[in-house]
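Chemist: The structure's right below; bear with me while I get my questions together.
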Amino acid sequence: MQVPPTGHDPVLLNEILEWCSPHDGQLVVDATVGRGGHSLALAKAIAPHGTLIGMDYDPRNLAYARDRLAKSDLTTQVRLFHANFSELIEVLRQANHPRVDLILADLGVSTNQLFEQEYGLSFSNPVPLDMRLDPRNPLTARTIVNTWSEQKLATVLYELADERFSRRIAKKIVEARKRSPINTTDELADLVRSVVPVPRGSDRSIPIDPATRTFLALRMVVNGEMENLEKLLRVAPDHLKPGGKIAIISFHSTEDRLVKHVFRSAEQTGQLKVLTSKPIVPSETEIQANPRSRSAKLRVAERL
Ligand SMILES: C[S@@+](CC[C@H](N)C(=O)[O-])C[C@H]1O[C@@H](n2cnc3c(N)ncnc32)[C@H](O)[C@@H]1O
């Protein structure tokens with residue numbers, strides 16, 4: 001897969017603008033600034049009087065986005081924070097804006113993070129097994145595969161990535177590390193490939209590497225992705241103005257189920273109104289132009 005010139009193409013951008021209708025003077029939070037694609041469009045939509053508050057827990061992406069936004073002749077006020085979106089309350093306190101008009105989170109990783117060697121997420125190159133997007137985080141994928149019990153490994157593979165061969169993979173990892181520690185992404189990918197069959201008879205145009213789900217589950221554990229999302233969803237509605245919107249783009253079923261469930265519960269208590277009865281998905285044209293958008297699902301809710 002090609003990495004776009006900016007490192008990442010924002011997904012469902014038109015749909016975000018359509019469903020969230022950002023406009024002049026609004027206060028908008030981009031909780032996952034990434035390479036700045038959504039931020040830039042939002043900042044333009046709320047110009048000239050609006051304020052964009054952005055955060056990312058990867059300081060490298062944040063620095064890129066800061067530079068990109070600075071070069072874009074924006075009149076909007078932009079405030080960027082190196083923060084985990086689970087720290088939303090602290091960021092809003094620092095920004096001195098306790099309630100906002102829109103909170104957007106575009107979950108997961110940007111395309112450049114998948115391919116740049118320093119992140120240790122790429123399984124096509126032999127790079128150290130790291131997977132941390134936030135350098136403040138002490139836990140690496142290397143620690144997990146070399147120290148966690150077989151049972152615990154199998155559970156995370158199954159629960160976070162729906163990996164059908166979770167037990168087989170966990171057993172193989174534990175056998176292999178008795179001989180020598182698993183240090184690099186290609187070592188781990190080869191172990192998984194040796195016990196997981198290549199998907200057959202599928203009509204997918206892009207072949208899926210058998211190691212994909214294992215890498216997804218490990219990345220999610222290392223970065224605490226489900227815990228962060230739970231925390232964001234728990235606190236975000238309280239920080240929306242009446243009529244303010246929360247929009248979440250997720251990329252796999254575990255995340256989407258959580259978003260759907262939390263939105264529905266908040267609807268039952270009268271805090272939110274769910275605007276998207278079914279998740280919004282990318283058009284065929286977007287999928288053709290950006291195959292990584294294929295699994296994206298957008299849900300939007302409004303504060304009552
Ligand atoms: C899919 S990318 C976002 C791309 C962005 N919308 C754009 O247009 O370039 C996800 C970004 O969110 C960041 N991220 C993921 N989880 C986060 C969290 N809990 N807190 C802060 N940033 C997070 C990642 O580091 C990555 O840069």
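The values are calculated or read from the model by the stated rules, or taken from the named source; none is laboratory data. Because the structure is predicted, anything quoted here is derived from the model rather than measured. Please note: Cβ atoms are built from the backbone with ideal geometry, for glycine as well, and neighbour counts cover all protein chains shown. Calculation scope for accessible area: heavy atoms of the full protein, side chains included, ligands and nucleic acids excluded. Shrake-Rupley method; radii C 1.70, N 1.55, O 1.52, S 1.80 Å.
Chemist: Under a cut-off of 18 Å between alpha-carbon atoms, report the aspartates and glutamates in cross-link reach of Lys241, not counting same-chain residues fewer than 8 places apart.
Modeler: Result set, ordered by chain and number: Asp24, Asp30, Glu90, Asp101, Glu267, Glu302.
Chemist: Continuing with the same structure: Pick from Val198, Val259, Val222 the residue whose mean-square fluctuation is largest in a GNM of the chain, springs joining Cα atoms under 10 Å.
Modeler: Judging by the Gaussian network model, the answer is Val198.
Chemist: Relative to a virtual label point 7 Å from the Cα of Glu159 in the Cα→beta-carbon direction, which members of segment 225-263 show backbone nitrogen distances below 11 Å?
Modeler: Those under the cut-off are 227.
Chemist: Which net charge results for the neighbourhood of Pro5, defined as the other residues with beta-carbon distances under 13 angstrom from its beta-carbon, given Lys and Arg at +1 and Asp and Glu at -1? Mind showing how you got there, number by number?
Modeler: On the way: positive: Arg35, Arg68; negative: Asp9.
Net local charge, Pro5 excluded: +1.
Chemist: Next question. Under 10 Å, Cα contacts only: if you run a Gaussian network model on the chain, which one of Ser124, Ser180, Ser194 comes out with the highest mean-square fluctuation?
Modeler: Ser180
Chemist: At a temperature of 10 °C and a viscosity of 1.306 mPa s, determine how fast the chain diffuses translationally according to Stokes-Einstein, using the Kirkwood radius over alpha-carbon pairs as Rh; express D in µm²/s, rounded to the nearest whole number. Walk me through the numbers before you get to the answer.
Modeler: Working: Rh = 20.1 Å.
Stokes-Einstein gives a translational diffusion coefficient of 79 µm²/s.
Chemist: Please report, as a whole percent, how much of the solvent-accessible surface of the chain comes from carbon and sulfur atoms (probe radius 1.4 Å).
Modeler: Numbers: 7240 of 14380 Å².
The C+S portion of the solvent-accessible surface of the chain is 50 percent.
Chemist: While we're here: Mind checking the full-extension length gain between Asp24 and Ser283? Use 0.36 nm per residue of separation minus the Cα-Cα distance, one decimal, nm. Please report the intermediate quantities before stating the final value.
Modeler: Numbers: separation 259, 0.36 × 259 = 93.24 nm, distance 2.76 nm.
In short, 90.5 nm is gained.
Chemist: Per residue, how large is the accessible surface of segment 157-304? Use a 1.4 angstrom probe and give square angstrom.
Modeler: Numbers: 7660 Å² over 148 residues.
Averaged over the residues of segment 157-304, the accessible area is 52 Å².
Chemist: Next up: Just flag the trypsin sites (Lys or Arg not before Pro) in segment 59-151 sitting in loop per DSSP whose Cβ has no more than 15 other Cβ atoms within 10 Å.
Modeler: Working: sites: Arg60, Arg66, Arg68, Lys71, Arg79, Arg93, Arg99, Arg132, Arg136, Arg142; in loops: Lys71, Arg99, Arg132, Arg136.
Counting only loop positions with at most 15 other Cβ atoms within 10 Å, the trypsin sites (Lys or Arg not before Pro) in segment 59-151 are Lys71, Arg99, Arg136.
Chemist: Please identify, among Leu17, Leu232, Leu133, the residue showing maximal mean-square fluctuation in a Gaussian network model of the chain using a 10 angstrom Cα cutoff.
Modeler: Per the Cα network of the chain with a 10 Å cutoff, Leu17 tops the list.
Chemist: Still on this model: If you line up the long axis of helix 253-268 against the longest principal axis of the chain, both from Cα atoms, how many degrees apart are they, to the nearest 10?
Modeler: That helix lies at roughly 40 degrees to the long axis.
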